[in-house]
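Please read the structure below before turning to the comments.
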Amino acid sequence: MASDASKHGGGGGDQQPAMRTNRAGFPKLSISSKGLILLPLLLLGIIYLVVYPKEFELQALIGSCSPAPADTTANETAAVGKPDFRLLIGILTSADFYERRHLLRMVYGRQLASTSPPLAAQIDVRFVFCRLSTDVQRVLVPLEILARGDIIVLDACAENMDGGKTHAFFTAAASLYADAPYDYVMKADDDIFFRLPELAASLGAMPREDAYYGATIPCGSRDTRRGWYMSGMGYALSWDLVAWIAAAEDVTRGRTVGTEDRMVGEWLKSGGKAKNRFNAKPAMYDHPLSVPATECAHQLVPDTIAVHRLKDNPRWAQTLRYFNFTAGLQSSKFYKFDS
């Protein structure tokens, strides 16, 4: 029978000492063994740090700069704040006018993104047209909705200008946004350019109820008595009037077809509404090269709120150049423009 010494590897001087074990029965590694294991891990870490340095910066930033959840909520509230008012601009256009929508998105998107200081108002722009009528529209418009999410399709009407589309828009807006009403809803043409900071400053001075804002018709008049109405280029109604139009079938029934801006004026007059009216002329006007020429047209001026009858790209380019819309363009090796 072997002795206890031989069982544990003790005895002759030629034998190597046995690997020690811990209390759980697992062998304890020597320093050299630990080094052999840790060296590949260390090399892997160095390689990752060299190849992906930003990952480590991001983790450090998250770990050292993230506030507590309560502080995060407070900071976001303080940073964003509550807008002075909320405005929905519904641009009534046609489903086939893809290029025009692209231009308007650039024009309004740039103003909303780069205005300094930020606008005191929340302004949301939506493109509005009646139900789709062609196979092309039924593919391209849904694709546009997926990409942009800024389109309202009115199933209650076939595409038209003065055949009830405006009434359908206000009725739809009253329903779609009933849970989170805007302070104002504006109907706008797709050939009008609004300078959003100037619009916000002007509209922000209006009452929030029973309010009717725009440029009065006829062009030569600045009268805002109830007998007059606002030009269809672009006018805003306070939310209570939008809700009233949607519900006032006794006033609007059989009176939705006709010159749309005049019809809106007649509804408000019949209902004794819109006691608070504001005429934004001469800061809202037609482009000086309007065809046909109108009394509402005049030269571009610095205090402009809106320019109407921008029927083609040259007029848009002239107007945007006047207001220096490309001033923020930085020099680059990828393009060069003649001054």
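The values are calculated or read from the model by the stated rules, or taken from the named source; none is laboratory data. Since we're looking at a predicted model, the values are computed, not measured. Note that we place each Cβ from the backbone using ideal geometry, even for glycine, and neighbour counts take in every protein chain shown.
Each row is one residue, and each column tells you yes or no for (1) within 29 Å of R100 (Cα to Cα); (2) among the aliphatic types (A, V, I, L, M); (3) touching a Cys at 6+ places or on another chain (Cβ under 8 Å).
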position: L196; (1), (2), (3): yes, yes, no
position: S202; (1), (2), (3): yes, no, no
position: M206; (1), (2), (3): no, yes, no
position: C219; (1), (2), (3): yes, no, yes
position: S238; (1), (2), (3): yes, no, no
position: W244; (1), (2), (3): no, no, no
position: A247; (1), (2), (3): no, yes, no
position: G272; (1), (2), (3): no, no, no
position: R277; (1), (2), (3): no, no, no
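Summed over segment 278-298, residues that are over 14 Å from L310 (Cβ atoms) and surrounded by fewer than 17 Cβ atoms within 10 Å (Cβ to Cβ) total 5. If I ask for residues that are more than 16 Å from L88 (Cβ to Cβ) and either at pLDDT 95 or above or in a helix (DSSP H, G or I) (or both), which ones from segment 112-122 would you list? Matches in segment 112-122: A113, S114. Quick one: in segment 85-111, of everything that is surrounded by 15 or more Cβ atoms within 10 Å (Cβ to Cβ), modelled with pLDDT of 95 or more and of a type in the set (D, E, K, R), which residue is nearest to A205 (Cα to Cα)? Looking at residues that are surrounded by 15 or more Cβ atoms within 10 Å (Cβ to Cβ), modelled with pLDDT of 95 or more and of a type in the set (D, E, K, R), I get R86. The residues listed here are P282, P314; of these, the one that is over 17 Å from F170 (Cβ atoms) and more than 27 Å from the chain's Cα centre (by Cα) is P282. The residues of segment 173-214 that are farther than 17 Å from D240 by Cβ and assigned to a helix (DSSP H, G or I), listed by number, are L196, P197, E198, L199, A200, A201, S202.
Among the listed residues L237, L268, L199, which satisfies the condition of being over 26 Å from the mean Cα position of the chain (by Cα) and either buried (at least 20 other Cβ atoms within 10 Å of the Cβ) or under 22 Å from C296 (Cα atoms) (or both)? It would help to see each step written out before you state the result.
Values: L237 fails: over 26 Å from the mean Cα position of the chain (by Cα); L199 fails: over 26 Å from the mean Cα position of the chain (by Cα).
Just a single option satisfies the conditions, and that option is L268.
The set of residues in segment 123-153 that are in a strand (DSSP E or B) and closer than 29 Å to E198 by Cβ comprises I123, D124, V125, R126, F127, V128, F129, I151, I152.
When we screen D261, D312, D338, D303 for residues that are acidic (D, E), more than 25 Å from N160 (Cβ to Cβ) and at pLDDT 95 or above, the only hit is D303. The residue list G258, G232 contains one member that is among the small types (G, A, S), in a loop (DSSP other than H, G, I, E, B) and on the phi > 0 side of the Ramachandran plot, which is G258.
Yes/no per residue for (1) without any contact (Cβ under 8 Å) to a residue 60 or more places away in the chain; (2) part of a loop (DSSP other than H, G, I, E, B); (3) among the acidic types (D, E):
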site: D250; (1), (2), (3): yes, no, yes
site: V264; (1), (2), (3): no, no, no
site: W267; (1), (2), (3): yes, no, no
site: F278; (1), (2), (3): no, no, no
site: E295; (1), (2), (3): no, yes, yes
site: V301; (1), (2), (3): yes, yes, no
site: W316; (1), (2), (3): no, no, no
site: T319; (1), (2), (3): no, no, no
site: T326; (1), (2), (3): yes, yes, no
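Give me the residue from segment 303-312 that is assigned to a loop (DSSP other than H, G, I, E, B) and in contact (Cβ under 8 Å) with a residue 60 or more places away in the chain and, out of that set, farthest from D189 (Cα to Cα).
Keep residues of segment 303-312 that are assigned to a loop (DSSP other than H, G, I, E, B), which gives 303-305, 309-312.
Subset that is in contact (Cβ under 8 Å) with a residue 60 or more places away in the chain: 303-305, 309-311.
Numbers: D303: 21, T304: 17, I305: 14, R309: 9, L310: 10, K311: 11 Å.
Looking at the filtered set, the residue picked out is D303.
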